[in-house]
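The values are calculated or read from the model by the stated rules, or taken from the named source; none is laboratory data. What you see is a predicted model, and the numbers here were worked out from it, not measured in a lab. For neighbour counting, all protein chains shown are included, and Cβ atoms are generated from backbone atoms with ideal geometry for every residue, glycine included. The area values use the complete protein model at the heavy-atom level, side chains included, leaving out ligands, DNA and RNA. Shrake-Rupley method; radii C 1.70, N 1.55, O 1.52, S 1.80 Å.
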Amino acid sequence: MSYIVPIGPYHPALEEPIHAKLYTEGEVIKDAEVFVGYNHRGIEKLCTERNAIQTLVLVERVCGICSHSHALTYAMAVEGVNGIQTPKRGDYIRVITAELERLHSHMLWAGIAFHIIGHDSMFMHTWDVREKIMDALEALSGNRVNYSMVTIGGAKRDISDELRRDILAKLDKFEPELARITDIALNDKTIAMRTQGVGVMTTEDAIRMGANGPHARASNVDIDIRRDSPYCSYGDFEFSVPVWPSCDVFARVVVRLLECVESIKILRQALENLPEGPINLGKKIPKIAEGQCVARHEAPRGGLSYLVVGNGSQFNHRVSIHVPSFKNTPTVAHMLRGNTVADAGLIIASIDPCFSCLDR
Amino acid sequence: MQEYKQIQITKEEIVPTALRMRHDGRRLVMIYGFYQTDGQLRVSWDYAVDPAVESYYVVGEGSVPSVAEIYDEAARWPELELYELMGIDFEGLDTSKRLFLPENLLETQGKGQILVTPLAELVDKRDELLGEKKEASEE
């Protein structure tokens with residue numbers, strides 16, 4: 001029997017609205033279509049009515065998970081237009097916030113993935129461990145989301161020596177818990193049965209369709225903007241870029257957990273070698289020079305890019321925001337084909353989609 | 001600071017440039033569109049030539065060839081977005097399905113206006129549409 005099974009825009013397995021139409025033969029998905037745009041807020045348009053500092057506040061609200069990534073990439077683009085070189089200490093504080101954000105984002109996603117496959121004890125354990133990172137972010141910025149740690153020309157808030165030691169101590173507690181979660185994810189039979197061979201996207205397809213971030217790396221595509229086009233002093237840190245060859249949902253779990261290990265490495269290096277000096281270039285509202293620049297940042301979900309066009313005033317002439325989910329979501333229909341309806345929610349979630357980011 | 005190179009090309013060079021980049025294994029970062037301060041439309045194809053971004057752009061062309069056959073979904077979605085929100089035509093692009101705009105706005109009031117019309121005018125337009133709907137429901 002052939003059916004068209006609609007999923008979403010609002011569905012228990014999805015935290016945000018997306019609509020997928022599954023064309024099925026019995027239990028098997030023969031074809032699929034994906035529809036977005038249920039969360040479109042016109043943020044790019046709103047940016048043109050604001051100055052650079054107001055825009056930082058606005059773009060930080062594009063996404064509740066990777067808010068720092070948006071503010072950081074916008075700031076980098078404005079700095080690119082104006083030819084501003086940021087102070088080293090400011091760069092390091094940006095990196096520390098970005099890597100803590102990556103840790104909490106990956107742990108959040110892993111918890112949801114475990115919940116979708118019905119492994120709720122792992123879901124609760126993962127989210128419990130994630131709280132250590134949320135505590136660190138709250139200690140750093142005063143907030144669990146929307147950290148407001150970035151300004152044009154550097155970081156907005158400094159890190160005291162006491163806070164630095166406190167975050168390092170939290171990482172000491174977090175690391176063995178992460179190792180335990182990774183060990184269970186790699187060896188648990190239930191997780192393997194629900195994720196291995198599910199939602200496969202080959203390396204060739206991932207490259208052809210423009211997948212990026214952990215989603216691409218789980219298809220054995222070796223890309224990472226932090227290494228390939230270093231910014232914010234990422235070139236100072238030693239870290240590896242994990243890739244995994246199995247190209248399925250299992251690989252997406254493993255890659256994200258291994259990336260957490262690398263983030264901890266970066267955080268330790270940044271916190272232990274935090275340079276002395278200013279954190280920013282002052283508090284003036286900058287004029288955005290006439291011209292344009294594209295900045296790229298490896299956000300938790302993949303490559304985030306901002307185009308900023310200036311006209312010599314304090315206001316943006318144009319801001320264009322393109323998020324990893326905009327590049328990864330078109331791969332969903334491809335991955336759904338040949339899988340069962342029961343796995344559809346997991347496959348959609350496996351790209352760690354953010355429709356708040358995607359729709360803007 | 002990341003390197004950002006801008007290279008102006010002609011409309012005829014868009015597809016050969018995309019083919020060359022695809023052949024060299026370069027990723028398409030994004031297709032951008034905006035009206036320059038002099039009022040001319042600029043469309044750019046930005047490729048990751050690590051560590052730089054190379055931006056190949058054309059100016060004053062409201063209709064440009066699609067590169068979706070070369071870059072698949074990585075180009076199709078950005079092209080659809082610019083088609084819907086800025087009204088740029090991509091020759092050869094299938095526009096039968098919407099991306100962001102609701103179906104009832106695609107071919108009527110919405111297409112090509114979101115990123116082009118000043119915000120105040122968009123607010124007036126919204127109020128006008130909502131007013132019409134309210135009147136209809138009251139009737």
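Miscellaneous remarks
- The residues of the range A:5-30 that are open to solvent by 40 Å² or more (accessible area, probe 1.4 Å) and within 14 Å of chain B (Cβ to nearest Cβ) amount to a single one, A:21.
- Per the conditions (1) in a helix (DSSP H, G or I); (2) under 17 Å from residue A:101 (Cα atoms); (3) within 14 Å of chain B (Cβ to nearest Cβ), the sole criterion not satisfied by residue A:207 is (2).
- Yes/no for residue A:144 being in contact with an Asp or Glu (Cβ under 7 Å, 6 or more places away or on another chain) and either surrounded by 14 or more Cβ atoms within 10 Å (Cβ to Cβ) or away from chain B (no Cβ under 14 Å) (or both): yes
- Qualifying strands (runs of 3 or more DSSP E) (wholly inside the range A:273-357; at least 3 residues being at negative phi, surrounded by 24 or more Cβ atoms within 10 Å (Cβ to Cβ) and facing chain B (nearest Cβ under 9 Å)): A:291-299, A:302-310
- Count - residues of the range B:41-67 that are open to solvent by less than 10 Å² (accessible area, probe 1.4 Å), within 25 Å of residue A:34 (Cβ to Cβ) and either more than 10 Å from chain A (Cβ to nearest Cβ) or touching a Leu at 6+ places or on another chain (Cβ under 7 Å) (or both): 2
- Any pair with Cβ under 9 angstrom, 6 or more apart, that starts in the range A:280-297 at a residue that is touching a residue at least 40 places away in the same chain (Cβ under 8 Å) and ends at one that is among the charged types (D, E, K, R) and open to solvent by 40 Å² or more (accessible area, probe 1.4 Å): A:280/A:156
- Hits in the range A:212-253 - residues which are within 14 Å of chain B (Cβ to nearest Cβ), of a type in the set (Val, Ile, Thr) and out of contact with any strand residue (DSSP E or B) (no Cβ under 9 Å at 6 or more places or on another chain): A:221, A:241
- Pairs with Cβ under 9 Å, 6+ apart, first in the range B:62-75 and of a type in the set (Val, Ile, Thr), second in a loop (DSSP other than H, G, I, E, B) and open to solvent by less than 10 Å² (accessible area, probe 1.4 Å): B:64/B:88
- Every pair of residues 6+ apart whose Cβ atoms lie under 7 Å, when the first sits in the range A:118-133 and is touching a residue at least 12 places away in the same chain (Cβ under 8 Å) and part of a helix (DSSP H, G or I) while the second is open to solvent by 20 Å² or more (accessible area, probe 1.4 Å) and of a type in the set (Asp, Glu): A:129/A:177
- Of all residues in the range A:138-151, none satisfies being under 25 Å from residue A:348 (Cβ atoms), in a helix (DSSP H, G or I) and under 19 Å from the mean Cα position of the chain (by Cα).
- Answer residue from the range A:219-257, given it is within 16 Å of the chain's Cα centre (by Cα) and in a loop (DSSP other than H, G, I, E, B) and is farthest from residue A:269 (Cα to Cα) among those: A:223
- The residue that is farthest from residue A:222 (Cα to Cα), counting only those in the range B:19-38 that are open to solvent by less than 80 Å² (accessible area, probe 1.4 Å) and more than 7 Å from chain A (Cβ to nearest Cβ), is B:36.
- The range B:76-106: number of residues that are of a type in the set (S, T, N, Q) and modelled with pLDDT of 85 or more: 0
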